[in-house]
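*Asks:* Dropping the structure in here first, questions after.
The values are calculated or read from the model by the stated rules, or taken from the named source; none is laboratory data. Here the structure is a predicted model, which is why all the values come from computation and not from measurement. Neighbour counts run over all protein chains shown; Cβ positions are idealised from the backbone, glycine included. Only protein heavy atoms, including side chains, enter the accessible area calculation; ligands, DNA and RNA are left aside. Shrake-Rupley method; radii C 1.70, N 1.55, O 1.52, S 1.80 Å.
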Amino acid sequence: MIYLPSQVEQIAQVIAERVGDVLGASVCIVDTNRRVIACHGAPSAPVDGDWQPTPYARVPLRLDHLVGEVIIAAPATGETISPRLMQVLIELIIGQAMALIRSGAAAPHHHKNAFIHDLLHGLIADEAAIQREARLLGLDLSTPRAVILIDAADYILRNEAQADAADTQIRRRAQMVIGSVVGFFHLPNDTICAYIGAGEVAVLKASNTQNLILWAEPGAAVEPVSGSWANLAALKRASNQLLHNLRRELDAAISIGIGRYHPGLRGLALSYQDARVALSLGRRFHGQNGVHCLDQLGIAAFVGVADERTKIDLATYLLSPLDHEPELIETLRVFLATNCCPSSTARQLAIHRNTVSYRLEKIALLTGLDPRRFDDAVQIRLALLLRELQHATPAPARAAA
């Protein structure tokens, strides 16, 4: 069968992605003129030019009119694979890739992008269908994952002279961003990346203990994934370092939104909604080149988030360090009710003013919110109100007229 040039490029990209995923390595496919045809996890590769890592292996490739090499960098895992086994593996992957294109089942990354887009937007309701499609694409959705949303529009959507060229460049630039993300996190199953349009790349980041331990604060424990706010600190550290890496490699404005972990396959759509809101509000109030998460948006989260459940969850999370401190909660309520006046608070609680100051210091230490600062006081006040709403008894239904 004779393949069109576009099909050959699709097959080459499938080969690069599959080999890279299996070996946990950066992979690049070049033709005899050293022109890059496809790459995976190789962010330093130019669109047209040599890719020169220290090669772990070079395997000849002949695919219809494409003659070149599959260049494989040293696997991040440090594993050693014999050249013969490598050749057999790549030949097997080539056969699978050609069968995939012949069947019309999918373009290599286009289909994955469309699948992830639909999954994150809640357009696939059947979990069995999600699992089936994920297996066909070689995606592991059994690992707990949270969504990191990357706004790379400044790089991906740069103007091009011709519409066709622009579309090609957009795809290539999106793949460069994805390659950079995969190369940064190293582990092949740690991240699932997809270009979902509008200059945005979605990263389904593994959020279990094994995959977050590298990003935990020194001496801090990484919790088993349970609640929706688990291990956000590690995700933030990873995202901040990823942002620094992307800005250095792409030389463009980049912003990142972090979603909470939500259980189940449909939880990925909820995590995406968190990341989407955090990214949108964070860019609006704090500008570009930042990492944004719901719990760091301040008052903007309570004003800008439309979903009532999310706001109540946020309020509960922010005040959770005080769950077993009823004395501090009461001090907060009185302090806010007396217009943040320490002397009035002390009189009403029948305690010394120094005791009020001590309690306020402790609140700031536990929650990271200082009730003596205006913005923090407003945030705490809103959080208290929302938490009370959560425990309020529903009002009786109105009688029909």
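*Asks:* Which condition does GLN175 not pass, out of (1) part of a helix (DSSP H, G or I); (2) at pLDDT 90 or above, if it passes all the others?
*Replies:* Evaluating GLN175 over (1) part of a helix (DSSP H, G or I); (2) at pLDDT 90 or above leaves (2) as the failure.
One line per residue, one yes/no per condition, for (1) in contact with a Cys (Cβ under 8 Å, 6 or more places away or on another chain); (2) at pLDDT 65 or above:
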{"residue": "ASN211", "(1), (2)": "no, yes"}
{"residue": "PRO218", "(1), (2)": "no, no"}
{"residue": "ALA221", "(1), (2)": "no, no"}
{"residue": "LEU232", "(1), (2)": "yes, yes"}
{"residue": "SER255", "(1), (2)": "no, yes"}
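*Asks:* The conditions are (1) buried (at least 18 other Cβ atoms within 10 Å of the Cβ); (2) under 16 Å from ILE150 (Cβ atoms); (3) without any contact (Cβ under 8 Å) to a residue 60 or more places away in the chain, and ASP274 fails exactly one of them. Which is it?
*Replies:* All conditions pass for ASP274, except number (3).
*Asks:* Taking the condition among the β-branched types (Val, Ile, Thr) and modelled with pLDDT of 90 or more, does ILE192 pass?
*Replies:* No, not satisfied.
*Asks:* A further question on this structure: Return a yes/no flag: does segment 141-150 have any residue that is modelled with pLDDT of 85 or more and of a type in the set (Lys, Arg).
*Replies:* Yes: segment 141-150 contains one or more residues that are modelled with pLDDT of 85 or more and of a type in the set (Lys, Arg).
*Asks:* Could you list, in sequence order, the residues of segment 20-35 that are farther than 18 Å from VAL181 by Cβ and of a type in the set (A, V, I, L, M)?
*Replies:* Of everything in segment 20-35, those that are farther than 18 Å from VAL181 by Cβ and of a type in the set (A, V, I, L, M) turn out to be VAL22, ILE29, VAL30.
*Asks:* From the list LEU265, LEU279, LEU246, pick out the single residue that is surrounded by 16 or more Cβ atoms within 10 Å (Cβ to Cβ) and either modelled with pLDDT under 90 or not in a helix (DSSP H, G or I) (or both).
*Replies:* Only one candidate passes the filter, namely LEU265.
*Asks:* Next question, about the same structure. Being free of Cβ contacts under 8 Å to residues at least 24 places away in the same chain and of a type outside the set (Gly, Ala, Ser) is the filter here; which residues of segment 300-328 pass it?
*Replies:* Result: VAL303, GLU308, ARG309, ASP323, HIS324, PRO326.
*Asks:* Return yes when ALA25 is at pLDDT 75 or above, out of contact with any Lys or Arg (no Cβ under 8 Å at 6 or more places or on another chain), in a loop (DSSP other than H, G, I, E, B) and within 30 Å of ASP251 (Cα to Cα) and no when it is not.
*Replies:* yes
*Asks:* Have a look at ILE90, ILE94 and point out the one that is touching a strand residue (DSSP E or B) at 6+ places or on another chain (Cβ under 8 Å), modelled with pLDDT under 75 and open to solvent by less than 40 Å² (accessible area, probe 1.4 Å).
*Replies:* Criteria check complete, one pass: ILE94.
*Asks:* Which members of segment 359-369 meet the condition of being more than 13 Å from THR331 (Cβ to Cβ) and surrounded by fewer than 16 Cβ atoms within 10 Å (Cβ to Cβ)?
*Replies:* LEU365, GLY368
*Asks:* How many residues are under 17 Å from ALA234 (Cα atoms) and of a type outside the set (Val, Ile, Thr) if we restrict to segment 138-160?
*Replies:* Going through segment 138-160 one residue at a time, the tally reaches 4.
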